[in-house]
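What follows is one structure encoded as structure tokens, with my remarks underneath.
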Amino acid sequence: MHLAYPAVLAALLFCVGLYGVLARRNAILVLMSVELMLNAVNLNLVAFDVWLRDTLHSGQALTLFTIAIAAAEIGIGLAIVLAVHRNRGTSDIDRLRDTAETDEAEALPDTAETDTAETDTAETDDAETAPGRADGKTGKTKKAEATT
């Protein structure tokens, strides 16, 4: 068997998977594309194992490890996608970017800075009366009140 046939097929599979990762917006389709890329790697491992006539069949052993890792990856990936879909109502990757952290100084308008300065002084007055708690009670006094 020529090595070129499975190598070309693996390259085509990998390219289709790479296109799917880069072009798709649905998280499930992206996970499927990653699986295509992993299967292309598995095909290469087995093809080179047969071509080299390895007595230990290390390419096939590595393929089994790759399949096990891919199964774990798809299980965790689908669990994350389902959790995001329940919270957001969509599995669109572009809409997940709003979960990124932003700088609060950029998000606040200029008028909000004067309002926060007034509330900061009120909070420091409460903090001076009882350090660590804004309501003036420590954890031990609150627990004692709860038991009585």
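How big is the accessible area of Ile80 in square angstrom, nearest 10, if you roll a 1.4 angstrom probe over the protein chains?
Accessible surface of Ile80 is approximately 100 Å².
Karplus couplings for the range 32-42 from phi (6.51 cos²θ - 1.76 cosθ + 1.60, θ = phi - 60°), rounded to Hz, Gly and Pro as x?
With the stated coefficients, the range 32-42 comes to 5, 5, 5, 5, 4, 5, 5, 5, 5, 5, 4 Hz.
If you plug each phi of the range 11-21 into the Karplus form 6.51 cos²θ - 1.76 cosθ + 1.60 with θ = phi - 60°, what whole-Hz ³J(HN,Hα) values come out, in order, with x for Gly and Pro?
Rounded to whole hertz, the list is 5, 5, 4, 5, 5, 5, x, 5, 4, x, 5.
Among rounded, prolate and oblate, which fits the range 33-103 when a ≥ b ≥ c are the square roots of the eigenvalues of its C-alpha gyration tensor, a/c under 1.5 means rounded, and a/b larger than b/c means prolate?
Numbers: a/c = 3.94, a/b = 3.18, b/c = 1.24.
Here the range 33-103 falls in the prolate category.
The values are calculated or read from the model by the stated rules, or taken from the named source; none is laboratory data. Since the model is a prediction, treat every value here as computed from it, not as a measurement. All accessible areas refer to the heavy atoms of the entire protein, side chains included, with ligands and DNA or RNA removed. Shrake-Rupley method; radii C 1.70, N 1.55, O 1.52, S 1.80 Å.
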